[in-house]
Each structure stands twice: as C-alpha cells, then as structure tokens.
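Input: a single structure, listed below in structure tokens.
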Amino acid sequence: MQRQRLFGTNGVRGVYGKDLTNDLVIDLTYAMATYYGKGPLVVGYDGRRSSPAVSVLVRSTLNSAGLDVGYAGLMPTPCLQLAAKSGRYNGGIMITASHNPPEYNGLKLTAPDGVEISREDELKVEDIYYEKRFATTDGHGREYADENVIPSYTEKVLSLVDAEKIQSKRFTLAMDLGNGVQALCAPAIAQKLGCRVIAINGNIDSDFPGRESEPTPDNLGVLSEAVRSGKADFGVAFDGDGDRSIFCDNNGSIYWGDVTGALLIKNLLAQRHPCAEIVCPVNTSMVLSKVAEEVGLKVAYTKVGSVEVSREMVNRKAPLGLEENGGFMYGPLNEVRDGSMTTALVLNMLASAGESFSNLVEMLPRTFKIKTKFSLSSREVVSKVMKACVEHGSPKKIETMDGAKIWIDDETWLMVRPSGTEPLIRMYAESTDKSLLDSKVDEYSRIVRASMSDLKRF
C-alpha cells in the first residue's frame, strides 16, 4: 500500500485539529528527533493561533526524546533558519504554515547548514514516522530560552549592505506586513537603515484580517495606494512567516518576485557578484535568463519549490537564487527565502543606482506574464489534466522537469503543474507577444476545465 506523503512543497502542513492532529505532531516530532539524532535544536513559531500549542508539543516531545531545545519563540522563519546555521544548533524546527489560511499550521525542518532538509531526508523522516522506528533514551533533554536570535539576525543583515549610504538617502517605504511575524523584524531593520516606514497591517493577528496571508498583485491595492499617497520610494509586502516579499515601485505598480528578483540580480552581478551562478525554478520569467545572458551567464533551473532552489544553491555554492512567488535567496546570509534581507538589498540597490525603482524596472527586458490557478475537487483529476495539456496542439518543445512547460515558440511558454501545498492546478505563462499569450492561456484554460468536467461526468 502506497504511503501518503507528509511533506509537501515546503514542510508538513494541514488544518490543525483535522489533518495536523496532536497525535501526528507528536509522532512526527519523535521521527524528527530520531532523524536529527542529537541536539540541541532551535524551535520557533509564527503568529497563528495554534502555533503556541504546537510549539509546546514539539518542544516537550523533543525533550522526552532526549534532545535539548533552544526555545526561540515568535519570529520569522529566516531568523530561525539563520540560528540553525550559527553552529550552536544541530538544526531547527519552525512551526508555520507560511501563506496558508488561518486554520492551517505545519512544521518546517532546517538542517545544521541553515537550509531546509533535502527531499531525500524528508523521505527518511517519513520512513521513520510510518515504521515507528523512534529512538529511545533513558534521559531527558532540557529547554532553555534563546533570546538572541532576532538581534543576531538583524545585525547580520545590516552587515551585508552599505548602511551608511542607505541612511544618507532617507528613503520612505510602505510595508504591508500582512498581520504576520515580519512585523517583528522588517520595520526595525528599515528604521535602522534611516528609512521612514509606512506600516500597513502591522499587528500580528492569527486571522490575517488585513488581507490573505499570501501577498499577490490582486490583494495589495492598499499597499499600492499607500506608496502613491505617501510618496514612498517603493512598497513591500510579506507573507505570514516572513520569508517571501512582493514589491511595488514608486508609482505603485506591483511586480511578481521574478521581475524584482531579476532587477536585484542585475544589480548584484554588476556591483558585488560578477560571474555568480544563479538558481531558480522552471516557472521563472524569461526576464531573468535575458539579464543573465547580457553578461554571458546561464541560469541553473530546478523544480518548483524553495527546497529545490536552496539545496541547488548549496550544491553549486551559488550566491543568488529566487522564485517567482516572492522568494529571494541571498547566499552570503543564507541560501533561503528571506523577506527582510531582500528588502535591505532593494534599499542597497536604490542607494547605489541613483535611479527610481520604476526607472530600473523600465531598463529590464520586457515580457508579459499571466498566472492563474484552478481548484481541484480531487487529486485524481491531475493526471488527466496534465495528459490533455501535453497532448494538445503542436508545440515547439515540452519540458517535464516539473509538471509540463510547453514552449509555443522561442519566446512564448505555458506551464501547468499541481500545487504541492494546496488542492490546485497552477498555470504560468509568458511571452513577448501579449496577444499570443492571451490566446494561449484561454486555449489551455479551456482544456484544463474540460478535463476536470469530463472526470466529474464519470
């Protein structure tokens, strides 16, 4: 009988009390303790209502398995991950469901190098869990508070940018903190860099009343208006656990992460990291590959998911990585998504460039993008949808590293793949020809919907 995968695209997630039960948390934590083998482990959590309770379960279970625990408390995920990398810990566990709705929670495991454990190690944890091969001990671990995680993280971020130059510019930026835990870090870092901060949804609230926890161009209208009315230099929005960031320029125009990521990489290649390797998923905008080609570089592609990007960065010793959903990874700090570090890098870019955000975007290669999604009534429909899309028409080529990336011509592609975190089929598309892009998205959307409705009839 095939086992159900516990790990999705980013950690283990589920509706707390339904999919993510206390029994599951306890047994999974025993499996994690067995996988790590020794402590201490650092444990932190996000602002969800269930996070403190899950944290107690995780910490007490680790202690009962004989592992010491550094209790870091409420904080953004990148802070926890950097603490795991500090040399003081043998890894870390973050209690978070990232951008998922309020009723969800989850566990994200970090290796001693500060990066999420690999897909192979996820399977090891699952094997231990299903086979109940939990290590036993006669002893009991201890717990101690680690109150230095956020201060140490802040100090490290500030050391990686030209603080004096940024401070001299006296930037104004709007921040939509999304009622998430980045409220603990991002505003303070920006203020230390001499910025005036216009804060939106700045109180941590487990219900995310200001907007959905995932920042998208569709739900950031308030941020856009705050930038315009406050005459800000740019705006930034974060997800629930603070590792992703979506930016808007000084005119309030909002961009997906691979556009601003390409902008950052163009600056970093010119200013700090010439000839650096760049890693990103296969659904990334062609803008990035065009930026790389301008300086004679190629991009290394991975499956979708920050784990794949981060682990490939580690393998290649690549300092630069990104995702289209707003994840930017800066290796000199840590090869993980990090909203505060990315914001500091944007400030550094603007301070050194002497140009507005909108002017810098105008200098990038121009493409058109569409991103949409389709709700699944059942996972059974996935294979039918994928098959129908792959067999349709006469495309130039099809890549199957992750889902199906269908190239219509050299500068037009469309990709469909099942989400690893939600019951969705995601569609991404891009072209230098807007009318062709619109036509192909409509065409393949009809195929997806028809495949789903055909299954319902059976």
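The set of residues in the range 174-209 being assigned to a loop (DSSP other than H, G, I, E, B), touching an Asp or Glu at 6+ places or on another chain (Cβ under 9 Å) and surrounded by 20 or more Cβ atoms within 10 Å (Cβ to Cβ) consists of GLY178, ASN179, GLY180, CYS195, ASN201. Of VAL287, VAL291, VAL279, VAL259, which residue is touching a residue at least 24 places away in the same chain (Cβ under 8 Å) and out of contact with any Ser or Thr (no Cβ under 7 Å at 6 or more places or on another chain)? Checking each option against the conditions leaves just VAL291.
Quick one: in the range 29-83, of everything that is more than 26 Å from PRO102 (Cβ to Cβ) and of a type in the set (D, E, K, R), which residue is surrounded by the fewest Cβ atoms within 10 Å (Cβ to Cβ)? Checking each candidate, the answer is LYS38. Please determine whether any residue of the range 112-125 is in a helix (DSSP H, G or I), over 20 Å from the mean Cα position of the chain (by Cα), in contact (Cβ under 8 Å) with a residue 40 or more places away in the chain and not assigned by TED's automatic domain parsing to the domain that holds PRO40. Scanning the range 112-125 turns up no residue that is in a helix (DSSP H, G or I), over 20 Å from the mean Cα position of the chain (by Cα), in contact (Cβ under 8 Å) with a residue 40 or more places away in the chain and not assigned by TED's automatic domain parsing to the domain that holds PRO40.
Pairs meeting the criteria (first residue in the range 27-45 and on the phi > 0 side of the Ramachandran plot, second residue surrounded by fewer than 24 Cβ atoms within 10 Å (Cβ to Cβ) and not hydrophobic (A, V, I, L, M, F, W, C), beta carbons under 8 Å, at least 6 apart or on different chains) are GLY37/ASN90.
Could you please find all residues in the range 250-284 being of a type outside the set (A, V, I, L, M, F, W, C) and surrounded by fewer than 24 Cβ atoms within 10 Å (Cβ to Cβ)? ASN250, ASN251, GLY252, SER253, TYR255, LYS266, ASN267, GLN271, ARG272, HIS273, PRO274, GLU277 - these are the residues of the range 250-284 that are of a type outside the set (A, V, I, L, M, F, W, C) and surrounded by fewer than 24 Cβ atoms within 10 Å (Cβ to Cβ).
Among the residues that make up the range 57-77, is at least one of them part of a loop (DSSP other than H, G, I, E, B), of a type in the set (Lys, Arg) and either more than 22 Å from VAL307 (Cα to Cα) or not assigned by TED's automatic domain parsing to the domain that holds PHE238 (or both)? Even if it seems obvious, please write down each step before you answer.
Taking the range 57-77 and keeping what is part of a loop (DSSP other than H, G, I, E, B), we get 65-68, 75-76.
After this cut, where a residue has to be of a type in the set (Lys, Arg) as well, the list is none.
Among the residues of the range 57-77, not one is part of a loop (DSSP other than H, G, I, E, B), of a type in the set (Lys, Arg) and either more than 22 Å from VAL307 (Cα to Cα) or not assigned by TED's automatic domain parsing to the domain that holds PHE238 (or both), which makes the answer no.
Scanning the range 271-306 for residues that are out of contact with any strand residue (DSSP E or B) (no Cβ under 9 Å at 6 or more places or on another chain) and of a type in the set (Lys, Arg), we see that the one that is nearest to GLU323 (Cα to Cα) is LYS290.
Inside the range 433-452, residues that are in contact with a helix residue (DSSP H, G or I) (Cβ under 8 Å, 6 or more places away or on another chain) and surrounded by 16 or more Cβ atoms within 10 Å (Cβ to Cβ) make up a count of 5.
Got a sec? Which of LEU347, LEU322, LEU333 is over 18 Å from the mean Cα position of the chain (by Cα), at pLDDT 95 or above and within 29 Å of GLU164 (Cα to Cα)?
Details: LEU322 fails: over 18 Å from the mean Cα position of the chain (by Cα); LEU333 fails: over 18 Å from the mean Cα position of the chain (by Cα).
The conditions single out LEU347.
Could you check the range 324-358 and list, in sequence order, the residues that are of a type in the set (Gly, Ala, Ser) and either assigned to a loop (DSSP other than H, G, I, E, B) or in the same structural domain as PRO78 (by TED's automatic domain parsing) (or both)? Explain how you work it out, then say what you get.
So the first thing to find is which residues in the range 324-358 are of a type in the set (Gly, Ala, Ser), and the list is 326-327, 331, 339-340, 344, 351-354, 356, 358.
Selection gives GLY326, GLY327, GLY331, GLY354, SER356.
The values are calculated or read from the model by the stated rules, or taken from the named source; none is laboratory data. In this text, all values refer to a predicted model and were calculated from it rather than measured experimentally. Every residue, glycine as well, gets a Cβ built from its backbone with ideal geometry; the counts of neighbours run over all protein chains shown.
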